[in-house]
Amino acid sequence: MAAAGAVAAAGSAQQLGQLLRQPGRSLVVVHFWAPWAPQCVQMNEVMATLAKEHTQVTFVTLEAEAVPEVSEKYEISSVPTFLFFKNSQKVDRLDGAHAPELTKKVQRHASSSSVSAGSNDSTKEDLTARLKKLINAAPCMLFMKGSPKEPRCGFSKQMVEILNKHGISFSSFDIFSDEEVRQGLKTYSNWPTYPQLYVAGELIGGLDIIKELEASGELDTICPKAQKLEDRLKTLINKAPVMLFMKGNKQTAKCGFSKQIIEIINNTGVDYETFDILEDEEVRQGLKTYSNWPTYPQLYVKGELVGGLDIVKELKENGELLPILKGEN
């Protein structure tokens with residue numbers, strides 16, 4: 001058992017069980033990792049830092065391949081994966097090496113652990129609001145296991161294949177990435193399984209329903225068709241007068257170049273919108289060809305490509321950046 005401020009290591013299912021049942025420790029964060037993966041080693045360092053900051057939380061590392069029965073039980077298919085437990089019950093999940101997101105989830109769950117039971121109603125309201133926002137995030141929303149590119153169950157794979165076959169435009173949410181959403185949406189929509197397809201914020205159903213709609217010819221009338229990629233890119237680059245295509249978003253840049261360009265634009269005080277190219281592989285690859293510009297970030301003003309980080313730096317040094325961003329040049 002690790003002292004407060006340190007990270008514990010679980011080498012067996014029994015050791016993990018003991019750590020989950022520790023008295024007085026309401027939140028336990030378990031990192032399923034592998035020594036051969038450099039991103040896991042980095043995230044262990046993040047865990048060590050968080051353990052010092054949140055001494056009331058238990059942080060645990062578990063080598064996924066060394067304890068296969070535990071990895072199988074919790075459907076761990078890639079590393080790093082983080083599971084969050086309260087009172088021995090899994091309450092959340094994070095797949096991938098996302099240090100800012102891990103920090104955010106630890107803070108959220110640690111603070112909610114210390115709030116009195118009387119706040120349950122407001123927590124439910126917060127979740128309901130979040131679910132409403134998610135199911136309305138796109139005209140057609142698919143809640144699935146994994147992503148369209150990498151489905152993590154046969155039903156989700158079949159659903160994606162049907163939607164793609166019919167040229168249907170849809171966005172998706174990986175329910176493995178958020179246990180609260182995974183459980184909450186079942187209750188909210190009174191639908192116990194995944195995948196779940198929503199159109200205009202209304203539940204259409206799961207795979208069997210979609211197969212029936214496909215057989216009857218109704219699927220094409222219910223779901224919005226995908227825009228041609230070129231039309232979609234034109235719409236995106238004109239979404240705001242100043243559009244930045246980057247890795248991450250304004251709050252969390254996911255590469256050094258994107259971080260630098262955001263700092264430069266923020267210092268001008270000009271309003272701008274961003275698009276995270278890591279969230280959409282079609283846009284990420286398509287925009288390179290469309291604009292004949294092979295790298296990211298890419299900055300657009302009034303639908304015209306300005307350039308990447310080096311050009312933005314030059315414009316800043318020459319005093320030309322602000323007039324361009326304002327559309328004066």
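Of all residues in the range 131-148, those that are within 15 Å of the chain's Cα centre (by Cα), at negative phi and assigned to a strand (DSSP E or B) total 4. Quick one: is S172 in contact with a Lys or Arg (Cβ under 8 Å, 6 or more places away or on another chain) and modelled with pLDDT of 85 or more? The answer is no for S172.
Scanning the range 281-296 for residues that are open to solvent by 90 Å² or more (accessible area, probe 1.4 Å) and part of a loop (DSSP other than H, G, I, E, B) yields N292, P294.
Would you pick out the residues in the range 192-221 that are among the hydrophobic types (A, V, I, L, M, F, W, C) and either in contact with a Gly (Cβ under 7 Å, 6 or more places away or on another chain) or modelled with pLDDT under 90 (or both)?
Matches in the range 192-221: L197, A200.
Output the residue which, of all residues in the range 1-18 that are at pLDDT 90 or above and within 21 Å of Q107 (Cβ to Cβ), is least open to solvent (accessible area, probe 1.4 Å). Break it down into steps so the answer makes sense when it comes.
Within the range 1-18, the first condition is being at pLDDT 90 or above, and the residues that meet it are 7-18.
Adding the requirement that they be within 21 Å of Q107 (Cβ to Cβ) leaves 7-8.
Numbers: V7: 50, A8: 8 Å².
Result: A8.
Applying the criterion of at least 2 residues that are among the polar types (S, T, N, Q) and without any contact (Cβ under 8 Å) to a residue 60 or more places away in the chain to the helices (runs of 4 or more DSSP H) found wholly in the range 1-104 leaves 13-20, 38-53. In the range 297-305, the condition of being part of a helix (DSSP H, G or I) and either polar (S, T, N, Q) or open to solvent by less than 70 Å² (accessible area, probe 1.4 Å) (or both) is met by no residue. Identify all residues within the range 306-329 that are touching a residue at least 24 places away in the same chain (Cβ under 8 Å), open to solvent by 70 Å² or more (accessible area, probe 1.4 Å) and not in a helix (DSSP H, G or I); write none if there are none. Passing the criteria: only K326. Open to solvent by less than 40 Å² (accessible area, probe 1.4 Å), of a type outside the set (K, R) and over 22 Å from the mean Cα position of the chain (by Cα), is that true of V28? Considered against the rule, which asks whether it is open to solvent by less than 40 Å² (accessible area, probe 1.4 Å), of a type outside the set (K, R) and over 22 Å from the mean Cα position of the chain (by Cα), V28 comes out as no. Take E161 and decide whether it is open to solvent by 50 Å² or more (accessible area, probe 1.4 Å) and modelled with pLDDT of 90 or more. Yes. Taking the range 182-280 and the helices (runs of 4 or more DSSP H) fully enclosed by it, the elements with 3 or more residues that are without any contact (Cβ under 8 Å) to a residue 60 or more places away in the chain, open to solvent by 50 Å² or more (accessible area, probe 1.4 Å) and closer than 23 Å to T295 by Cα are at 229-237, 256-268.
The values are calculated or read from the model by the stated rules, or taken from the named source; none is laboratory data. The model shown is predicted, which means the values in this text are computed figures rather than measured ones. Quick reminder, even Gly has a Cβ in these numbers, built from the backbone with ideal geometry, and neighbours come from all protein chains shown. Accessible surface areas use protein heavy atoms only, side chains included; no ligands, DNA or RNA. Shrake-Rupley method; radii C 1.70, N 1.55, O 1.52, S 1.80 Å.
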